[in-house]
1. Of all residues in the stretch 222-245, which are in a strand (DSSP E or B) and not aromatic (Phe, Trp, Tyr)?
2. What pairs can you find where one residue is in the stretch 235-251 and among the charged types (D, E, K, R), the other is crowded, with 20+ Cβ neighbours inside 10 Å and part of a loop (DSSP other than H, G, I, E, B), and their Cβ atoms are less than 6 Å apart, with a gap of 6+ or different chains?
3. Take the residues in the stretch 7-40 that are in a helix (DSSP H, G or I) and either in contact with a strand residue (DSSP E or B) (Cβ under 9 Å, 6 or more places away or on another chain) or of a type in the set (D, E, K, R) (or both); name whichever of them is nearest to Gln73 (Cα to Cα).
4. Scan Arg70, Arg45, Arg53 and give me the residue that is closer than 22 Å to Thr19 by Cα, assigned to a helix (DSSP H, G or I) and of a type in the set (D, E, K, R).
5. Out of everything in the stretch 24-39 that is without any contact (Cβ under 8 Å) to a residue 40 or more places away in the chain and more than 21 Å from the chain's Cα centre (by Cα), what residue ends up being farthest from Arg71 (Cα to Cα)?
6. Restricting the search to the stretch 230-257, which residues are over 20 Å from the mean Cα position of the chain (by Cα), under 26 Å from Ala151 (Cβ atoms) and surrounded by 17 or more Cβ atoms within 10 Å (Cβ to Cβ)?
7. Pull up the stretch 100-138, narrow it to residues that are basic (Lys, Arg) and over 15 Å from the mean Cα position of the chain (by Cα), then point me to the one that is surrounded by the most Cβ atoms within 10 Å (Cβ to Cβ).
8. Spot the failing condition for Val97; the list is (1) surrounded by 24 or more Cβ atoms within 10 Å (Cβ to Cβ); (2) under 24 Å from Val269 (Cα atoms); (3) of a type outside the set (Gly, Ala, Ser), and only one is missed.
Amino acid sequence: MGSVVRPFTVGATVRAAATRLAAAGVPEPRADAEVLLAHVLGCERATLVVRAREALPPAAAGAFAALVARRAQRVPVAYLTGTREFWSLPIAVDPRVLVPRPETELLVEAVCRVAPRTGRILDAGTGSGAVAAALARELPAARVWASDRDAGALAVARTNLARHAPRVGLVCANWLAAFRAGAFDVVVANPPYVSTAELALLEPEVREHEPRAALDGGADGLAAVRVLLAEAARVLVAGGWLVLEMGAGQAERVLDGVAAVGQYDRTVVRADGAGIARVLAARRVAEGGRRRTWTPS
């Protein structure tokens, strides 16, 4: 009789995939292999340890092999699984939107800190809707809107907001031009802030697969930031806050931009876990306000 071909075990499959991904230059090959196999099997990643000696069903093996092949081409894991956690919420993502980053959670924290009792919030350039959903969950008394100029991004945001924050209003708009003066207490945004020249230096996952329009901030990376600084001064109420994410090394230039607008009386800069000044909050001049800057350690 001929020999019986036995299917690979779960553990052996992970090891083989990790070796292939490492050869393709993937930064965390073992972790990515585990995430993808857990996705295929519909289980938690930790469960793979318990199931390590189980035979992998042929259908699962085929689906997993296809995902590993795409990951070897540096397609982001989140696009392969269709989801990324943000603020403990599963956020649906695809190539129409950026993959939410952990550091962007600082935007949510900053809004909750500087304006915990705010009434009207706009998440401008919402992308996946992750920030708007998190703010709506954290500040249930607030009225939250989310805007984007891209129809594809709005479709993704609509899916996420319907699941996590159905009261959030969606608007098709290019930054703040569509909104009336004094419309909001808080404007929050994660604008494109990578300079055009630096795009070529990004990891392949970002450079080749994420939407360029959500990354390219122009010659110096701050084209969208300048627009937001100027337009927010119009759409914010007196004492309202603009909260922005920014790139490494940009804080001083963004603060210079705040000063150039001349309509903000306080700024707060917050660093991420790597010590990079990542979020700036600027308060619209309040009646009788004094201009000052505070950068916490």
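1. Step one: filter the stretch 222-245 for residues in a strand (DSSP E or B), giving 236-245.
Residues satisfying the conditions are Leu236, Val237, Ala238, Gly239, Gly240, Leu242, Val243, Leu244, Glu245.
2. Glu245/Asn190
3. Our first condition is that a residue be in a helix (DSSP H, G or I); within the stretch 7-40, this holds for 10-23, 29-40.
Right, trim to either in contact with a strand residue (DSSP E or B) (Cβ under 9 Å, 6 or more places away or on another chain) or of a type in the set (D, E, K, R) (or both) and you get 10, 15, 20, 30, 32, 34, 39.
Working: Val10: 23, Arg15: 18, Arg20: 11, Arg30: 16, Asp32: 13, Glu34: 17, His39: 18 Å.
Once the filter is applied, the top-ranked residue is Arg20.
4. Values: Arg45 fails: assigned to a helix (DSSP H, G or I); Arg53 fails: assigned to a helix (DSSP H, G or I).
Of the residues listed, the single one that is closer than 22 Å to Thr19 by Cα, assigned to a helix (DSSP H, G or I) and of a type in the set (D, E, K, R) is Arg70.
5. Within the stretch 24-39, the first condition is being without any contact (Cβ under 8 Å) to a residue 40 or more places away in the chain, and the residues that meet it are 28-31, 33-34, 37-38.
Checking the rest, the ones that are also more than 21 Å from the chain's Cα centre (by Cα) come to 29-30, 33-34, 37-38.
Details: Pro29: 9, Arg30: 12, Ala33: 9, Glu34: 12, Leu37: 12, Ala38: 15 Å.
Of everything passing the filter in the stretch 24-39, Ala38 is farthest from Arg71 (Cα to Cα).
6. Scanning the stretch 230-257 gives Glu231, Ala232, Val235.
7. So in the stretch 100-138, the residues basic (Lys, Arg) come out as 101, 113, 117, 120, 137.
Subsequent filtering for residues that are over 15 Å from the mean Cα position of the chain (by Cα) retains 113, 117, 120, 137.
Working: Arg113: 14, Arg117: 8, Arg120: 17, Arg137: 15.
Across the stretch 100-138, the extreme among qualifying residues is Arg120.
8. The failed condition is (2).
Each value in this text was obtained by applying a stated rule to the coordinates, not by laboratory testing. Please read these numbers as outputs of a predicted model, since none were measured by experiment. Glycine also receives a Cβ, built like all others from the backbone with ideal geometry; neighbour counts cover every protein chain displayed.
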